[in-house]
1. Can you find, within region B:83-106, the residue that is surrounded by the fewest Cβ atoms within 10 Å (Cβ to Cβ) among those that are at the interface with another protein chain (Cβ under 7 Å from one of its Cβ atoms) and at pLDDT below 85?
2. Which of the residues that make up region B:65-80 are in contact with a helix residue (DSSP H, G or I) (Cβ under 9 Å, 6 or more places away or on another chain) and either modelled with pLDDT of 50 or more or more than 7 Å from every other protein chain (Cβ to nearest Cβ) (or both)?
3. Can you name every residue in region B:32-47 that is touching a strand residue (DSSP E or B) at 6+ places or on another chain (Cβ under 7 Å) and within 8 Å of another protein chain (Cβ to nearest Cβ)?
4. Kindly indicate which of A:VAL685, A:VAL706, A:VAL691 is part of a loop (DSSP other than H, G, I, E, B) and either of a type outside the set (Lys, Arg) or modelled with pLDDT under 90 (or both).
5. In region A:628-639, what residues are closer than 17 Å to A:ALA586 by Cβ and either open to solvent by 80 Å² or more (accessible area, probe 1.4 Å) or more than 36 Å from the chain's Cα centre (by Cα) (or both)?
6. Tell me whether region A:437-446 contains one or more residues that are crowded, with 20+ Cβ neighbours inside 10 Å and polar (S, T, N, Q).
7. For region A:39-56, enumerate the residues that are under 17 Å from B:LEU61 (Cβ atoms) and at the interface with chain B (Cβ under 7 Å from one of its Cβ atoms).
8. Do we find a residue being closer than 26 Å to A:ALA245 by Cα and within 17 Å of the chain's Cα centre (by Cα) anywhere in region A:375-388?
Amino acid sequence: MVMKSAVEDDDAGWGLGIPEKMKNNANWVDITHEFKGACKELNLGELLHDKLFGLFEAMSAIEMMDPKMDAGMIGNQVNRKVLNFEQAIKEEAIKVKDLSLPELIGIIDTCFCCLITWLEGHSLAQTVFTCLYVHNPDLIEEPALKAFALGILKVCDIAREKVNKAAVFEEEDFQAMTYGFKMANNVTDLRVTGMLKDVEDELQRKVKSTRIRQGEQRDPEVEREHQQFLALFNRIKFMRLLLTALITFTKKETSSVGEAQKLVVQAADLLSAIHSSIQHGIQSQNDTTKGDHPIMMGFEPLVNQRLLPPTFPRYAKIIKREDMVAYFSKLIDRVKTVCDVINTTNLHGILDFFCEFSEQSPCVLSRSLLQTTFLIDNKKVFGTHLMQDMIKDALRYFVSPPVLSHKCCLFNNHQAKDYIDSFVTHCSRPFCSLIQIHGHNRARQRDKLGHILEEFATLQDEAEKVDAALHSLLMKLEPQRQHLACLGTWILYHNLRIMIQYLLSGFELELYSMHEYYYIYWYLSEFLYAWLMSTLSRADSSQMAEERLMEEQVKGRSSKKTKKKKKVRPLSKEITMSQAYQNMCAGMYKTMVALDMDGKVRKPQFELDSEQVRYEHRFAPFNSVVTPPPVHYIQFKEMSDLKKYNPPPGSTDLYLAASKHFQQAKLILENVPSPDPEVNRILKVAKPNIVVTKLLAGGHKKDTKVLPEFDFSAHKYFPWSKSSDSALRERQKVIPMA
Amino acid sequence: MATMIEENGPSTHEQSGVSPSYQARQKLEGLLNKNMRIRMTDGRTLVGLFLCTDRDCNVILGSAQEFLKSTDTFSQGEPRVLGLAMIPGHHVVSIEVEADSLEDAQGFGVNH
């Protein structure tokens, strides 16, 4: 019997419109038996497939019934009914009024944990919206819970808006999807904080009325109630302060940042009380040993399961309540730090602030808040300064170009003004991008730094042209002054900083193999840091020339002697640090070459690539830069060839030379006037390395083929050799390292 | 003929030999890119284009949609789009195709 279909043929509809087809056409024929029989005839490992479909395509298929890939499976395996909020109310599985204090505390704490889990990169559907109450706060009759639910929604909404606006996240950082949930948009922020405040006041009265009175025989029941009221009060207050702080951040005035800082400090004060009262809240009830998720009243981890895309199988692991307070306190610390940015006025200082902040690998919310605090609505820095003015100030601070000096005739020259203004305008976008890059996570930063070099190469070109034009103008007007390579020096400085950061971050991200260290450190010490130092000293002398001119003018008018005390050069600290870094890199380079000579660096069997391929890949982004010109592999090999020395140094000579470099770095750093943590971190590496390289020079462990290990724990860019650990410890017994 | 390993994909050349394995391949190839409905051991049903299978009856469906528990009525809410999905053979409970697609795939649905 052949089953003939009665419906019209429409082969065009195979790919699309399946649902329509399903409804119209129920002519399904069961072929299970024949199909399975036919499959058995295939050979082992043979795939029967269309010409256009191969093993490669097959790989990207999700596997059904695999707990890790199949998001839909979980819902079907759990032996309970998954109810949404309305259904749960109807079936009385959930209370919307007369909740007990422990229930409220438990629900609030779980919500906080969900919020944190969301901020750490999970989807809203699997975190905050597993709480049924936030699906529709209008249905909640209990005022405290209603206010709290609205508060949580507002916090999510503002956080999401901030993160979206700052645009410093990638899919691994943050899930911005709301899955069509309402984020309490029908209620104003002010109304929600007002509701929270009302609940808070009411609770405060309750706390007071249950407080111990003098000479009273304390009923343990009342005492417990008192504690629970207090616990709830603290939570509601924390919620209100958190929300108010976030709302304050959305205001446009700079003063609001200080206000936000005060609010988060107040919120932080509540944390220890919240932590100590966690046990008052109810816990999840069900048996989790059978693979079910912990559930408690008001929460249904599977309620949104069908909203998730198929490639979204992971069940979000909500953080534990015990860790909640620690996370909040760290978050608040970060937000406090963010607020401090407004005290930095110089663009270079701001850039350093961003770099330093990023080094702690902060969360996406604090990173975003920093971005939105810096550039309010992408126009003005801190809402008050034009980016162009910031750049001019930075130029004055760095090279004191005549064109920006009040005392120079160029300052009021129209043509000169046009030149400099258009240059500064062109600078503002790349500099904003540079600052934005520092808001991304560490791994993405590296990638983006490589790309922004192209933009800086264009700026470099323009800077040199503007310098030349200004110089020829100045020669006509004030022949005794020069305008040589001022703007160019400044851009070059930033270029070099980006390049150095790009290379160094490879150590932090553990991208390089040990056999690659030597050329990376070579590039840094022999090339980039050398360029950086000459750039800084050129800027420094340009500043001095400008200062001399000013002094002469001042002296000309009043005979008073102004040149009395020696001023600290603004760039001196940076020059010193660069010297130290250069010595550290040089020391590492020489150590690596010597270790290689002793056969202590494992090299890969280059089959499909070569050292040249790797080298070129490592420095590929530098090819877009004109100044400094990229050093190609052949050049590098020539420049670093040891045979050009007579006699060529052996490993012992190199270890000794390395030791001297580390010694030098130590000397430089120990003379830094007020050492910052970074100085101490480098010293921590430099000191043992002096000893290790000396030992190696003395032939220690020369014959062992044990490969050295490098430990980057003390400093993320400079390791110290671990292989001589034991030797080092022995030495330490004799000469205590100081 | 039995030892021949068929080059995968719908073969256009006419073969006169009628070995069981050749017939089986012809049957399956006739179903390629046809709509298929598979019920799984947990009661869910997937509907999608048949793209690939092997000896263990693992099936890959393209543009697959997931329907909850029912087989005939789709009252249980909207289907969920899965895209490319592989159903392991041991989870396949039943396989159905649309009647009109059997015209091309000889040997299926025929009592023989």
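The values are calculated or read from the model by the stated rules, or taken from the named source; none is laboratory data. These numbers were taken from a predicted model, which means no experiment stands behind them. Neighbour counts run over all protein chains shown; Cβ positions are idealised from the backbone, glycine included. Surface accessibility is based on the protein's heavy atoms, side chains included, excluding ligands, DNA and RNA. Shrake-Rupley method; radii C 1.70, N 1.55, O 1.52, S 1.80 Å.
1. Of everything passing the filter in region B:83-106, B:ALA99 is surrounded by the fewest Cβ atoms within 10 Å (Cβ to Cβ).
2. Correct list: B:GLN65, B:GLU66, B:PHE67, B:LEU68, B:LYS69, B:GLY77, B:GLU78, B:PRO79, B:ARG80.
3. Initial filter on region B:32-47 (touching a strand residue (DSSP E or B) at 6+ places or on another chain (Cβ under 7 Å)): B:32-41, B:44-47.
Residues satisfying the conditions are B:LEU32, B:ASN33, B:LYS34, B:ASN35, B:ARG37, B:MET40, B:THR41, B:ARG44, B:LEU46, B:VAL47.
4. Working: A:VAL685 fails: part of a loop (DSSP other than H, G, I, E, B); A:VAL691 fails: part of a loop (DSSP other than H, G, I, E, B).
That would be A:VAL706, the only listed residue that is part of a loop (DSSP other than H, G, I, E, B) and either of a type outside the set (Lys, Arg) or modelled with pLDDT under 90 (or both).
5. First, pick out the residues of region A:628-639 that are closer than 17 Å to A:ALA586 by Cβ: A:631, A:636, A:639.
Scanning region A:628-639 gives a single hit, A:MET639.
6. Yes, there is a match, as at least one residue in region A:437-446 is crowded, with 20+ Cβ neighbours inside 10 Å and polar (S, T, N, Q).
7. Passing the criteria: A:CYS39, A:LEU47, A:LEU48, A:HIS49, A:ASP50, A:PHE53.
8. no
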